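Engineer: Structure below; questions to follow.
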Amino acid sequence: MLVSASTYKRIVIKIGSALLVDRMSGLKRGWLKSLCADVHMLRKAGCEVLLVSSGAIALGRKQLDLPLKVLKLEESQASAATGQILLARAYSEALGEYNYQAGQILLTLGDTEERRRYINARETISTLLRLGAVPIINENDTVATSEIRYGDNDRLAARVATMVSADLLILLSDIDGFYSGIPGKDDAAKRFEHISEITPEIEAMAGDAGTELSKGGMVTKLEAGKIAMEAGTSMVITSGKELNAIKALFNGANATWFEPKETPVTARKKWIAGQMQLGGSIIIDAGAAHALTQGKSLLPAGVTKVTGSFSRGDVVGVVTQKGVELGCGLVSYGANEARQIAGCQSDEIESILGMTSRAALIHRDNLVLRAQANQLENNDA
Ligand code: GLU
């Protein structure tokens, strides 16, 4: 399929250990160089790029001379601790060739599953992107134990992609897509070009294509696909074995494209509209109500009162002074802060709260007006 890279605004690329690390010789510098050339190509096409890279354990175990057998948990953690330094340095140097700063983010399961930590991680990643850096993300394997870890970067990459509302997740694999059987073994095995829904039939076709250096077979890739598609993020599986695999992908190389029916913004709005429990309400004046119907964000200046108790990231109601419920949205400030900045100009926020933060109380992408909510429901019916 021929798709232009500039169709996408924000792309997450997941790189598996087997592509980046050779069991005998260690880091594949030539491959990394070609990946960075592809990142540069995407940036020139106007895309923001995030990399979710494995390789810490594979690099570290070699560095520590551990034998090629299944590692104990504490050996994996020690390998990750040693390897992650090498990995981050390699990315920093390779991206530096193109004058990009690399920003390392190490996440644990709790960072993507627990609301406050989720919001904090998202803000840091968004800030890195705004500053033009390339976030390099991996699981924090040094502290993750089996109960609290993802264990594979396919799902981690999908959670990161949905967290930052990426519109595309690229899984670079050692195989060029999702097959109906095992290629090479099963003569009838065919690669899917497009998948618009991950059905139980599709799931039943996922064999285990993992190698000893990577944890992710097709099972975790489909799980990643489900996470991504539910949030409106497209996903593509393609082979990363050849150099410049991303460039090849956008030139029509073999791949399987998982295409959701919605965009990240509509998927999020649908989720917001579906929240039954509102943490509180924000009462707004007529000028703000008019601005919202024009598709604008809700600024503190138009707020006359804040009721209830809620935290940053909660869904709150938006109500006019006459008590008409206009809609609801994900709020950027907690109730106490919202009360302090109610009625103020956005440039006063810093002096009032003692920190610079978002100008909008509810960003337009996080706001669902009743009319929109009704439309969403009708579309669903
Ligand atoms: N996070 C692990 C690492 O960096 C790899 C997990 C995976 O292979 O998916 O080594």
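The values are calculated or read from the model by the stated rules, or taken from the named source; none is laboratory data. Note that the coordinates shown come from a computational prediction; the quantities given were computed from them, not determined experimentally. Cβ sites come from the backbone with ideal geometry, for glycine too, and all protein chains shown count toward neighbours. Just so you know, the surface numbers come from the protein's heavy atoms only, side chains and all, with ligands and any DNA or RNA stripped out. Shrake-Rupley method; radii C 1.70, N 1.55, O 1.52, S 1.80 Å.
Engineer: Might you check whether a residue that is over 26 Å from Glu123 (Cβ atoms), part of a strand (DSSP E or B) and out of contact with any helix residue (DSSP H, G or I) (no Cβ under 7 Å at 6 or more places or on another chain) occurs anywhere in the stretch 319-330?
Structural biologist: Yes: the stretch 319-330 contains one or more residues that are over 26 Å from Glu123 (Cβ atoms), part of a strand (DSSP E or B) and out of contact with any helix residue (DSSP H, G or I) (no Cβ under 7 Å at 6 or more places or on another chain).
Engineer: Taking strands (runs of 3 or more DSSP E) that do not extend beyond the stretch 95-175, which have at least 1 residues that are in contact (Cβ under 8 Å) with a residue 60 or more places away in the chain and in contact with a Ser or Thr (Cβ under 8 Å, 6 or more places away or on another chain)?
Structural biologist: Where strands (runs of 3 or more DSSP E) fall fully within the stretch 95-175 and carry at least 1 residues being in contact (Cβ under 8 Å) with a residue 60 or more places away in the chain and in contact with a Ser or Thr (Cβ under 8 Å, 6 or more places away or on another chain), they are 134-139, 168-173.
Engineer: Right, another one. Pick from Ser34, Ser76: which is more than 16 Å from the ligand (Cβ to nearest atom), in a helix (DSSP H, G or I) and either touching a Lys or Arg at 6+ places or on another chain (Cβ under 6 Å) or of a type outside the set (Phe, Trp, Tyr) (or both)?
Structural biologist: On inspection, the qualifying residue turns out to be Ser34.
Engineer: Let me spell it out: the conditions are (1) touching a Ser or Thr at 6+ places or on another chain (Cβ under 7 Å); (2) over 23 Å from Asp365 (Cβ atoms), and Lys72 meets all of them except one. Which number is the exception?
Structural biologist: (1)
Engineer: Could you grab me the full set of residues in the stretch 347-371 that are under 23 Å from Met163 (Cα atoms) and without any contact (Cβ under 8 Å) to a residue 60 or more places away in the chain?
Structural biologist: Thr356, Ser357, Arg358 - these are the residues of the stretch 347-371 that are under 23 Å from Met163 (Cα atoms) and without any contact (Cβ under 8 Å) to a residue 60 or more places away in the chain.
Engineer: Report, by residue number, each residue of the stretch 181-219 that is at pLDDT below 90, surrounded by fewer than 16 Cβ atoms within 10 Å (Cβ to Cβ) and of a type in the set (S, T, N, Q).
Structural biologist: Selection gives Thr211 alone.
Engineer: Between residues in the stretch 38-64 that are within 17 Å of Ile170 (Cα to Cα) and touching a residue at least 24 places away in the same chain (Cβ under 8 Å) and residues that are among the polar types (S, T, N, Q) and open to solvent by 50 Å² or more (accessible area, probe 1.4 Å), which pairs lie under 8 Å by C-beta distance while being six or more apart or on different chains?
Structural biologist: So the pair list comes out as Asp38/Asn244; Ala45/Ser4; Ala45/Ser6; Gly46/Ser6; Cys47/Ser6.
Engineer: Additional query: Can you name the residue in the stretch 1-26 that is open to solvent by 30 Å² or more (accessible area, probe 1.4 Å) and within 30 Å of Thr127 (Cβ to Cβ) and is also nearest to the ligand (Cβ to nearest atom) among such residues?
Structural biologist: Result: Arg10.
Condition check ((1) away from the ligand (no atom under 11 Å from the Cβ); (2) touching an Asp or Glu at 6+ places or on another chain (Cβ under 9 Å); (3) open to solvent by less than 10 Å² (accessible area, probe 1.4 Å)) across all residues:
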position	(1), (2), (3)
Ser126	yes, no, no
Leu129	yes, yes, no
Ala144	no, no, yes
Ile148	yes, no, no
Ala157	no, no, yes
Val160	yes, no, yes
Leu169	yes, no, yes
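Engineer: Against the condition of a type in the set (Phe, Trp, Tyr) and either within 16 Å of the ligand (Cβ to nearest atom) or under 15 Å from Ser234 (Cα atoms) (or both), how does Tyr179 come out, does it pass?
Structural biologist: no
Engineer: I'm trying to understand the selection: among the residues of the stretch 43-67, which are away from the ligand (no atom under 16 Å from the Cβ), in a loop (DSSP other than H, G, I, E, B) and open to solvent by less than 40 Å² (accessible area, probe 1.4 Å)?
Structural biologist: Cys47
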